[in-house]
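S.K.: Structure in structure tokens, see below.
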Amino acid sequence: MRGEGTVVRKLLLFWLLLPIPCWGGAVRVTPQPLDQGGVGWVEVRAEREVRGEFLKRSLPFFRTAEETWRALIGVDLALPPGSYPLKVETEGKRVTLFVRVKKTPFGLQKITLPRHMVELRGKVLERVRREKRILREIFSRIRSEPLWRGSFLLPLKGTVTTPFGVRRIINGRYRSFHSGVDIAAREGSPILATNDGMVILAQKLYLEGNTVIIDHGLGLYSIYLHLAEVFVRKGDKVKRGERIGLVGATGRVTGPHLHWGIKLLGQRVDPMALIELSKGLGR
Ligand SMILES: [Zn+2]
């Protein structure tokens with residue numbers, strides 16, 4: 001009888017150590033907490049397909065190893081600090097984790113611009129609104145497979161004149177947050193694709209000037225503004241490091257520079273944070 005008790009205890013212990021009841025341990029978010037405008041990995045250990053949801057958007061996971069699935073998550077630069085639920089589901093198991101977002105000191109930038117550049121009216125305002133709708137539509141699409149691989153590279157070496165996230169005061173009034181990184185370089189310097197992807201837009205926009213947007217899959221887009229010349233067309237496949245255009249001063253700018261932005265599942269995230277996160281992925 002005593003032997004049986006030991007067996008039962010052993011079975012009980014074995015059952016407690018099974019991964020199923022504590023499945024949440026198989027989900028990991030790094031880094032934590034995230035900065036406003038930060039990017040991170042969600043890593044899940046599971047055999048079959050993983051689904052997820054974060055900030056009311058479905059999270060596209062992809063397999064990185066035999067039983068490992070990953071998804072990139074990003075938080076918008078204007079998302080208030082706090083804890084946000086991340087739902088993960090696979091093989092009938094479900095878990096909700098909380099992703100912490102901490103306040104990030106972005107700073108202010110005062111700029112003076114001619115009035116006609118700031119106060120848009122009539123036909124110009126109509127055009128700007130129409131172009132914003134085109135961009136929104138592009139960023140709402142999610143290609144289900146990743147087109148990128150390995151680490152992301154800096155598209156242009158130069159001086160960062162306006163970092164990501166600064167709040168802009170134009171002609172004494174609060175305007176938007178700076179949703180990318182401004183890198184100044186000599187006019188005509190080559191701009192490189194940050195990773196593999198497909199060109200989803202290559203055209204002149206009113207505020208942005210000559211613009212290239214690359215779809216890297218899984219809701220990740222890289223954005224290049226104010227180009228002097230564009231070497232790619234919509235639908236082109238590009239490789240990491242490929243020349244896509246030249247630095248210019250087209251659109252609403254005060255001098256030649258590249259405005260480089262990253263959109264991840266609709267969130268405006270810090271391009272430098274993506275480079276940092278992807279370091280060590282090879283290539
Ligand atoms: Zn900019």
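The values are calculated or read from the model by the stated rules, or taken from the named source; none is laboratory data. Given the structure is predicted, the values throughout are model-derived calculations rather than measurements. When the accessible area is computed, the model is the full protein with side chains, heavy atoms only, and any ligands, DNA or RNA have been set aside. Shrake-Rupley method; radii C 1.70, N 1.55, O 1.52, S 1.80 Å.
S.K.: Taking only C-alpha pairs under 8 Å that are 6+ residues apart, what is the relative contact order of the chain in percent?
M.R.: Here the relative contact order equals 17 percent.
S.K.: For LYS234, tell me the accessible area in Å² from a 1.4 Å probe, rounded to the nearest 10.
M.R.: Result for LYS234: roughly 150 Å² accessible.
S.K.: Check ASN171: other-chain or 5+ apart residues with amide H under 5 Å from its amide H, H built from backbone geometry?
M.R.: ILE111, THR112, LEU113
S.K.: Give the separation of the Cα centroids, segment 207-222 to segment 97-154, in Å.
M.R.: After rounding, the separation between the Cα centres reads 10 Å.
S.K.: Now a separate question. Leaving out ligands and nucleic acids, and using a 1.4 Å probe, what accessible area per residue does segment 127-283 come to in Å²?
M.R.: Ligands and nucleic acids excluded, the figure is 45 Å² per residue.
S.K.: Calculate what fraction, in whole %, of the accessible area of the chain sits on carbon and sulfur atoms when a 1.4 Å probe is rolled over the protein chains.
M.R.: 54
S.K.: A follow-up question, please. Springs between alpha-carbon atoms under 10 Å, Gaussian network over the chain: tell me which of SER179, SER222, SER58 tops the mean-square fluctuations.
M.R.: Maximum fluctuation in the GNM of the chain, among the listed residues, is at SER58.
S.K.: Could you pull out every residue, at least 5 positions away or on a different chain, whose amide H is within less than 5 Å of the one on SER189? Hs are placed 1.01 Å off N in the peptide plane, and Pro or chain starts have none.
M.R.: VAL247
S.K.: A further question on this structure: So who's got an amide H within less than 5 Å of the one on LEU59, skipping anything under 5 residues away but keeping other chains? H placed 1.01 Å off N, in plane.
M.R.: Result for LEU59 returns GLY52, GLU53, PHE54.
S.K.: To continue, here is another question. Keeping all protein chains in position, work out how much accessible area LYS263 exposes to a 1.4 Å probe, and write it in Å² to the nearest 10.
M.R.: Rounded to the nearest 10, the figure is 40 Å².
S.K.: Just to check I understand the Karplus step: with θ = phi - 60° and J = 6.51 cos²θ - 1.76 cosθ + 1.60, what whole-Hz values come out for segment 112-127, glycine and proline as x?
M.R.: Each residue of segment 112-127 in turn: 10, 10, x, 3, 5, 7, 9, 8, 8, 9, x, 4, 5, 4, 4, 5 Hz.
S.K.: Per-residue HN-Hα couplings for segment 269-282, Karplus 6.51 cos²θ - 1.76 cosθ + 1.60 at θ = phi - 60°, whole Hz, x for Gly and Pro?
M.R.: For segment 269-282, the Karplus-derived couplings read 10, 6, x, 5, 5, 5, 4, 4, 5, 8, 4, x, 7, x Hz, x marking Gly and Pro.
S.K.: Probe radius 1.4 Å, ligands and nucleic acids left out: which of THR194, THR96 has the largest accessible area, and how do the rest follow?
M.R.: Sorted by accessible area, descending: THR96, THR194.
S.K.: OK, next. I need the phi-derived Karplus couplings for segment 190-202: 6.51 cos²θ - 1.76 cosθ + 1.60, θ = phi - 60°, integer Hz, Gly and Pro marked x.
M.R.: x, 10, 9, 5, 5, 6, 5, x, 10, 5, 10, 8, 8
S.K.: Separate question: Leaving ligands, DNA and RNA out of it, rank TYR224, TYR206, TYR174, TYR84 by accessible area with a 1.4 Å probe, largest first.
M.R.: So the residues, ranked largest to smallest area, are TYR174, TYR206, TYR84, TYR224.
S.K.: Then there is this: Fully extended, how many nm does the chain gain between TYR174 and LEU113 (0.36 nm per residue separation, minus their Cα-Cα distance)?
M.R.: Length gained, TYR174 through LEU113: 20.6 nm.
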